[in-house]
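Chemist: If you scroll down you'll find the structure; I have some questions about it.
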Amino acid sequence: MRISVQWLQEWLQIDETPEDLGHRLTMAGLELDALEAAAPAFSGVRVGHVVAVEPHPDADRLRVCRVEAGEAEPLTIVCGAPNVHEGMLAPVAVVGAVLPGDFRIKRSKLRGVGSEGMLCSARELGLAEDAEGLMSLPTTLEAGQDLREALGLDDTILEVDLTPNRADCLGMRGIARECSALLDRPLHAPIMQTMDVASDARVSVNIEDPEACPLYAARVLEGLDAKAATPLWMTERLRRAGVRPLSAIVDVTNYVMLELGQPLHAFDAAHTGDRIQVRQGDQGESLTLLGGDQTVKLSPQDLVIAGDDGPLALAGVMGGAASAVGDTTTRVVLECAHFAPRALAGRARAHGLHTDASHRFERGVDPSLVPQAMERASQLLLDICGGQCGPVEQVGETPASHAEQAIILRPDRVQRLLGITLEASEIERILRALDCRIETSQGGWWVHAPRARFDLEREEDLIEELARVHGYDALPQTLPKPVAPATPESGLRSLRNGLARQGFHEVISFSFIARDAASAFYPDVEPLALANPISSDLAVMRPGLWPGLVTTAAYNQARQQSDLRLFEHGLRFVPDASGLRQEPRLAGLLGGRAAPEAWEGEAKKVDFFDAKGVVEGLCERVAGPLGFRAERHPALHDGQSARVLVDGQPIGWVGRLHPALCERFDVEPVYLFDLNAAAVVRAPVAQFTPLSPYPSIRRDLALVVADSVAAGDVLEAIDELDLDLLQDVRLFDVYQGKGLNPEEKSLALGLILRAFDRTLGEQDVAGITDAVVQHLQARFNATLRQ
């Protein structure tokens with residue numbers, strides 16, 4: 001949702017900067033994706049009044065114009081726009097102006113005639129993608145005004161990413177209500193007029209599927225001028241909302257959708273007949289959509305709006321080309337309806353479509369908006385296009401809503417879940433600001449959620465709203481106290497904890513993976529493909545857990561973490577004759593060194609037998625004898641792979657990742673295992689510890705100390721410093737011999753430094769190393785080895 005701050009200010013007072021407003025929305029769950037200016041940077045552009053137009057003496061396509069632009073005398077400007085005419089107001093870039101792209105306006109001569117500026121199109125100002133001539137400005141503007149000020153172009157657009165449950169914010173009214181609650185400011189909604197009926201023209205409506213379309217309203221408007229220009233204020237709001245202006249009639253329906261959140265559609269009445277039907281599509285029917293470049297085949301799963309001669313529109317998705325309004329349209333049938341989300345779910349995507357209307361209807365639109373949107377659109381159409389309107393033909397009833405059921409809200413429950421005590425007045429303010437109806441009861445309130453909030457169904461939902469508006473960042477960070485005594489570990493928890501004690505970290509990866517990754521690891525399995533994947537990297541259900549583990553290993557190895565022990569417990573999805581088989585699996589990955597770096601010598605690398613030992617530990621209590629059988633697996637290295645057997649039956653695999661896959665996924669050699677979790681009786685859970693997102697830095701020191709000084713004492717002395725940035729100290733070498741006195745030895749220490757809030761600089765590193773050296777020198781008379 002793209003939000004114009006200037007438009008929002010018509011609904012309530014906004015004193016915050018766009019950045020602060022975006023932060024407040026983000027903290028309330030409406031994540032700010034981007035901030036951008038409403039118009040590109042340009043300067044020196046004014047409102048120009050064309051007072052005279054004469055032919056160019058030496059060019060048929062050019063005109064010599066006299067333009068009032070706030071100077072003492074009108075400017076002479078040569079213009080080639082076909083729509084320039086005497087009396088029009090248009091943007092004029094005077095000499096010295098800078099247009100988008102750092103295009104500077106200078107005095108020039110065009111075919112022998114001097115030009116003191118440039119009359120501009122919307123495209124040249126970056127306000128439109130294309131333009132057929134000069135940008136025509138409203139006659140209410142004054143010649144010489146700065147164009148940015150006159151059109152309010154110094155506006156900021158907030159692009160907000162809405163979760164599917166917040167369809168109420170897919171309109172300025174919903175966003176304004178949210179801001180009103182967050183900022184504790186009154187809401188000033190525009191006045192919606194009820195239009196006078198001045199015509200008997202009407203169309204009958206028949207709903208054949210009231211569950212899919214419980215409410216449908218239609219109104220005939222006639223005597224319209226379809227060629228009327230859309231007011232500049234409306235086209236600007238549409239542009240800033242990311243909607244391209246098309247024609248006055250279409251622009252009005254789009255504008256009301258953006259304002260209230262209720263989609264509408266206008267049919268050319270000359271092509272609808274006298275009856276509108278809301279029905280299921282017939283098998284074999286087709287509909288050519290707006291634009292005329294796509295025809296969809298309809299089925300009984302599609303809900304359509306039909307006239308006397310067949311389908312007119314795909315309900316709640318897109319209109320048809322045959323009934324589209326055009327320049328010759330004088331009568332329209334204005335549609336405003338409520339479609340059930342379940343009836344439209346997936347229907348747009350089934351035809352490869354995604355429209356503003358389907359986006360809203362699939363998530364849920366407040367049915368009480370139907371009469372309001374109808375009157376608002378009628379008002380704007382008559383104001384812009386003239387004409388008169390007939391009566392509204394409304395069929396059906398406003399569907400039953402969860403808003404009719406009162407929800408109990410108890411202060412003690414609020415305190416228990418949020419950890420703070422909110423004043424009763426603050427609770428009531430927040431709920432009323434969110435358009436809830438509240439009634440005081442003994443021990444709390446009975447709350448009726450607004451119809452637009454389909455996600456408010458129980459007490460916890462209301463408490464979440466209180467937390468959002470009060471501010472998540474204002475809630476205390478306290479851990480709950482345990483309310484139950486500890487119980488002996490068993491089953492899956494025991495297995496996870498056991499792996500954690502061996503140094504393993506649990507990961508949780510996506511159940512969706514790329515098709516080529518599935519084929520690489522499991523070429524014999526045809527994975528289940530998603531009908532509408534988010535991206536090609538998440539196109540199929542995973543046939544196993546190894547792709548996620550290997551991807552995680554590659555990510556960590558690329559960030560200097562080569563010693564890895566990872567495991568995951570989750571489902572794999574394997575299609576078979578009975579449907580989709582979902583099997584719980586326990587898989588793991590080992591890589592790097594088998595033990596931490598130490599002074600005894602070169603560390604041993606993880607090998608097949610390390611992985612095999614982990615599997616043996618996991619299978620200690622399986623129901624039957626454990627065995628291994630050398631066998632080939634497409635993802636494992638030949639000669640280093642084995643089947644895991646329990647009582648002669650296969651329950652998994654263990655082995656080294658195939659070199660070809662190591663190269664393909666850019667990962668160093670690792671060892672994998674995969675077990676049927678149901679066959680492994682016991683299983684455990686890792687405790688999460690926050691990880692620093694910043695890289696570590698290592699500094700090696702060679703310290704000469706007396707032979708009688710124990711290395712453990714040196715490490716203990718460093719630990720006594722309690723340096724926050726010093727994450728680890730590793731003794732990796734002890735040397736005695738040439739270059740040292742017989743009573744001396746050299747200890748090689750690796751200092752691992754890392755911060756949780758920044759990337760360390762050389763000054764940080766030097767401070768830590770100097771502190772360590774000075775402390776050891778004072779404690780053990782240690783010196784740096786030269």
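The values are calculated or read from the model by the stated rules, or taken from the named source; none is laboratory data. Please read these numbers as outputs of a predicted model, since none were measured by experiment. Cβ atoms come from the backbone with ideal geometry, glycine included; neighbour counts cover every protein chain shown. Side chains are part of the model used for accessible areas, which takes the heavy atoms of the whole protein and leaves out ligands, DNA and RNA. Shrake-Rupley method; radii C 1.70, N 1.55, O 1.52, S 1.80 Å.
Chemist: Where the only charges are on Cβ atoms (+1 Lys, Arg; -1 Asp, Glu), what is the dipole of the chain about its Cα centre, to the nearest 20 debye?
Modeler: 1520
Chemist: Let me ask another. Whole angstrom only: what separates the Cα centroid of segment 596-667 from the Cα centroid of segment 267-291?
Modeler: About 63 Å separates the Cα centre of segment 596-667 from the one of segment 267-291.
Chemist: Something else: Starting at the first residue of segment 63-75, write each ³J(HN,Hα) from the Karplus equation 6.51 cos²θ - 1.76 cosθ + 1.60 with θ = phi - 60°, in whole Hz, x for Gly and Pro.
Modeler: For segment 63-75, the Karplus-derived couplings read 10, 9, 10, 10, 10, 7, 9, x, 8, 4, 10, x, 8 Hz, x marking Gly and Pro.
Chemist: Using a Förster radius of 51 Å, what is the FRET efficiency between Asp196 and Leu530 based on their Cβ-Cβ separation? Nearest 0.05, please.
Modeler: 0.45
Chemist: Let me ask you something else. Quick one: putting +1 on the C-beta of Lys and Arg, -1 on the C-beta of Asp and Glu, what dipole do you get for segment 514-619 around its Cα centre, in Debye to the nearest 20?
Modeler: Taking the Cα centre of segment 514-619 as origin, the dipole is about 180 debye.
Chemist: Quick one: work out Rg over Rh on the C-alpha atoms of the chain, Rh as Kirkwood radius.
Modeler: Expressed as Rg/Rh, it is 1.08.
Chemist: Could I ask something else about it? State the percentage of accessible surface on segment 615-773 attributable to carbon and sulfur atoms; use a 1.4 Å probe and exclude ligands, DNA and RNA.
Modeler: The value for segment 615-773 is 48 percent carbon and sulfur by accessible area.
Chemist: Considering only protein heavy atoms, what per residue accessible area in square angstrom results for segment 557-710 with a 1.4 angstrom probe?
Modeler: 52
Chemist: On to the next question. Based on alpha-carbon positions alone, could you give the equivalent ellipsoid semi-axes of segment 207-352 from the gyration tensor, as √(5λ), descending, whole Å?
Modeler: 25, 17, 15
Chemist: With a length cut of 15 Å (Cα positions projected on each helix's long axis) and a Kyte-Doolittle mean of at least 0.0, go through the chain and give me the DSSP H helices that pass.
Modeler: 172-183, 248-260, 369-385, 608-618
Chemist: Choose one of Thr140, Ala517, Ala212: the residue whose Cα lies farthest towards the positive end of the charge dipole of the chain (beta-carbon charges +1 Lys, Arg; -1 Asp, Glu; about the Cα centre).
Modeler: In the chain, that residue is Ala517.
Chemist: So what is the accessible area of segment 129-168 per residue, in Å², with the probe set to 1.4 Å?
Modeler: Heavy-atom accessible area per residue stands at 53 Å².
Chemist: Whole angstrom only: what separates the Cα centroid of segment 532-577 from the Cα centroid of segment 117-142?
Modeler: 53
Chemist: Here's another thing I want to ask about it. What area, in nm² and to one decimal, does the C-alpha convex hull of segment 490-572 cast on average over all directions?
Modeler: Mean projected area of the Cα convex hull: 6.6 nm².
Chemist: While we're looking at this one, here's another question. Would you work out what percent of the accessible area of segment 333-486, with all protein chains in place, is carbon or sulfur (probe 1.4 Å)?
Modeler: In segment 333-486, the share of accessible area belonging to carbon and sulfur is 48 percent.
Chemist: If you don't mind, there's one more thing I want to ask. Hey, what's the per residue convex hull volume over the C-alpha atoms of segment 673-786, in cubic angstrom?
Modeler: About 179 Å³ per residue, rounded to a whole number.
Chemist: Given N residues in segment 288-376, what is Rg(Cα) / (2.2 N^0.38 Å)?
Modeler: In units of the globular-protein estimate, segment 288-376 measures up at 1.11.
Chemist: Roughly how many Å² of His85 are accessible to a 1.4 Å probe, to the nearest 10?
Modeler: His85 exposes around 90 Å² with every protein chain in place.
Chemist: Per residue, what accessible area does segment 212-356 have, given a 1.4 Å probe and all protein chains present, in Å²?
Modeler: 37
Chemist: Still on this structure: Out of Pro82, Phe780, Gly174, whose Cα points farthest toward the positive end of the dipole of the chain (charges: +1 Lys, Arg; -1 Asp, Glu; placed on Cβ)?
Modeler: The Cα lying farthest towards the positive end belongs to Phe780.
Chemist: So how much slack lies between Gln405 and Ala131, counting 0.36 nm per residue of separation and subtracting their Cα-Cα distance, in nm?
Modeler: Taking 0.36 nm per residue and subtracting the Cα distance, the gain is 93.3 nm.
Chemist: Sort 718-726, 363-371 by packing, meaning the average of other beta carbons within 10 Å per residue, with the highest value first.
Modeler: Put in order of decreasing packing, that is 363-371, 718-726.
Chemist: For Lys605, go through the aspartates and glutamates and keep the ones whose alpha-carbon is under 16 Å away, minus same-chain ones fewer than eight residues off.
Modeler: Leaving aside aspartates and glutamates fewer than 8 places away in the same chain, those within reach of Lys605 are Asp563, Glu597, Glu668.
Chemist: So, with a 1.4 angstrom probe, what is the percent of accessible area on segment 1-152 that is carbon and sulfur?
Modeler: Result for segment 1-152: 46 percent of the exposed heavy-atom area is carbon or sulfur.
Chemist: Could you tell me the center-to-center distance, by alpha carbons, between segment 694-726 and segment 158-214 in angstrom?
Modeler: So the two Cα centres are separated by 67 Å.
Chemist: How much length is gained on full extension from Asp33 to Asp20, taking 0.36 nm per residue of separation minus their Cα-Cα distance?
Modeler: Between Asp33 and Asp20, full extension yields an extra 3.3 nm.
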